[in-house]
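Let me begin by presenting the structure, written as structure tokens, before commenting on it.
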Amino acid sequence: MTAFLPAKATPMSVAKTLQAIPLFSQLADDELARLAQVARERKYPKSSMILFEDDPGDALYVVLSGRVKVVLVGEDGREVILSILSDGDFFGEMSLIDDEPRSAHVIAMESSRLLVLRRHDFQMCLEETPRIAVSLLKGLTKRLRMADSKIGGLVLLDVAGRIARVLLELADDHDGVMIARKMTHNMIAQMIGSSRETVSRTMRTLVEQRVVSVSGKNITVLDRKALKAAAGLFR
Ligand code: CMP
């Protein structure tokens, strides 16, 4: 999805942008117009911190363009990537829903443009437009499915299987074949709790076996069936 606010955003153009975001796509025109009046756009340069774990939550964010990662950092400084979010994805809802501190850090992986909805405005939207709550629940359910799959993978799969599963998920985010956005071996390692060296070795094997091919920053899935079998997915 290509969602962006034009340089000179008018309430109409903002409403159009909001409609293209899955979280808000079911809203009627007047509801979108109300939302457009209170939503603000913010830009974050690459590597900047957007949210800090344990901070109080004061806003919900939607990615308009760019990419952000949701991470936990261990006492030894090791980073675990819980999720990578891009255009149309939202985050920061958990603290607004349960009044607990932020559950993770969120960091810009690329220069990113975000739509920010302050706590009060988000809560007003939810009260006025219960349909947003249904979209929110769908988003949270999708996230829970991903988390379940990740926990299952950590317990049941070896490193090669976990890598296969991540590659399938990343490809399915696009067209099922190509992982077009740059994913370093280190990033993949941080997603599956392994080391960069192990990921590099496994990727080399997958390339030799012609299961995937790598060209520049693109990874292409050549043999989806083999990747699914390695990931323990037989449907
Ligand atoms: P919040 O706890 O307010 O701030 C951190 C945000 O990261 C959180 O809300 C969610 O929006 C997001 N987040 C936390 N865990 C995950 C996860 N496993 N997958 C995707 N996003 C997450």
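The values are calculated or read from the model by the stated rules, or taken from the named source; none is laboratory data. No experiment lies behind these values; they were computed from the predicted model shown. Don't worry about glycine lacking a Cβ; one is built from the backbone with ideal geometry, like all the others, and counts go over all protein chains shown. Ligands, DNA and RNA are excluded from the accessible area calculation, which covers all protein heavy atoms including side chains. Shrake-Rupley method; radii C 1.70, N 1.55, O 1.52, S 1.80 Å.
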Karplus-derived 3J(HN,Hα) from phi for region 103-120 (6.51 cos²θ - 1.76 cosθ + 1.60, θ = phi - 60°), whole Hz, x at Gly and Pro, runs 7, 7, 7, 10, 10, 6, 8, 9, 4, 10, 10, 10, 9, 10, 10, 5, 3, 4
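What Kirkwood hydrodynamic radius, in Å, does region 17-158 give when the mean of 1/r is taken over all pairs of distinct Cα atoms and then inverted? It would help to have the intermediate numbers written out before the result.
On the way: mean 1/r = 0.0630 Å⁻¹.
Over region 17-158, the inverse of the mean reciprocal pair distance is 15.9 Å.
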Heavy-atom accessible area of residue 69, protein chains in place, probe 1.4 angstrom, given in Å² to nearest 10, is 40 Å²
Which residues' amide hydrogens lie under 5 Å from the amide hydrogen of residue 89, considering only partners 5 or more residues apart or on another chain, with H built in the peptide plane? 63
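Net charge around residue 155, counting only other residues with Cβ within less than 12 Å of its Cβ (Lys, Arg = +1; Asp, Glu = -1)? Spell out each step's value before the answer.
Values: positive: 150, 162; negative: 148, 158.
Within the 12 Å Cβ shell, the charges total 0.
About the Cα centre of the chain, how large is the charge dipole given +1 on each Lys and Arg Cβ and -1 on each Asp and Glu Cβ? Please answer in debye to the nearest 20.
Working: 33 positive and 30 negative charges, 216 e Å.
Roughly 1040 debye for the chain.
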Angle, helix 196-208 long axis vs. longest principal axis of the chain, Cα atoms, 0 to 90°, nearest 10? 70 degrees
Under a 5 Å amide H to amide H cut-off, with H placed in plane at 1.01 Å, what residues pair with residue 102 once short-range neighbours are removed? 54, 55, 57
For region 16-58, which GluC sites (Glu not before Pro) are both in a DSSP coil and crowded by at most 15 other Cβ atoms within 10 Å? 53
Any chance you could list the semi-axes, whole Å, largest first, of the equivalent ellipsoid that the Cα gyration tensor gives for region 136-235, using √(5λ)? 21, 15, 14
As I understand it, the dipole of the chain uses +1 on the Cβ of Lys and Arg and -1 on the Cβ of Asp and Glu, about the Cα centre. Which of 48, 116, 180 lies farthest toward its positive end? 180
Just to check I understand the Karplus step: with θ = phi - 60° and J = 6.51 cos²θ - 1.76 cosθ + 1.60, what whole-Hz values come out for region 59-68, glycine and proline as x? 7, 9, 10, 10, 7, 8, 7, x, 8, 10
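Pulled fully out, how much extra length does the chain show between residue 79 and residue 173, if you take 0.36 nm times their separation in residues and subtract their Cα-Cα distance?
Values: separation 94, 0.36 × 94 = 33.84 nm, distance 2.25 nm.
This chain segment gains 31.6 nm when fully extended.
Number of Lys-Lys pairs in region 58-193 under 19 Å by Cα, sequence gap 8 or more or different chains? Don't skip to the answer; put the middle values down first.
Values: 69/142; 69/150; 69/182; 138/150; 142/150.
For region 58-193, qualifying lysine pairs total 5.
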List, in order, the whole-Hz ³J(HN,Hα) value for each residue of region 29-35 obtained from phi through the Karplus relation with A = 6.51, B = -1.76, C = 1.60 and θ = phi - 60°; use x for Gly and Pro. 4, 5, 5, 5, 5, 5, 5
For region 76-176, what size does the Cα cloud have along each of its three principal axes, sorted from largest down, in whole Å? 47, 32, 27
Region 23-178 accessible area per residue, 1.4 Å probe, protein heavy atoms, integer Å², reads 52 Å²
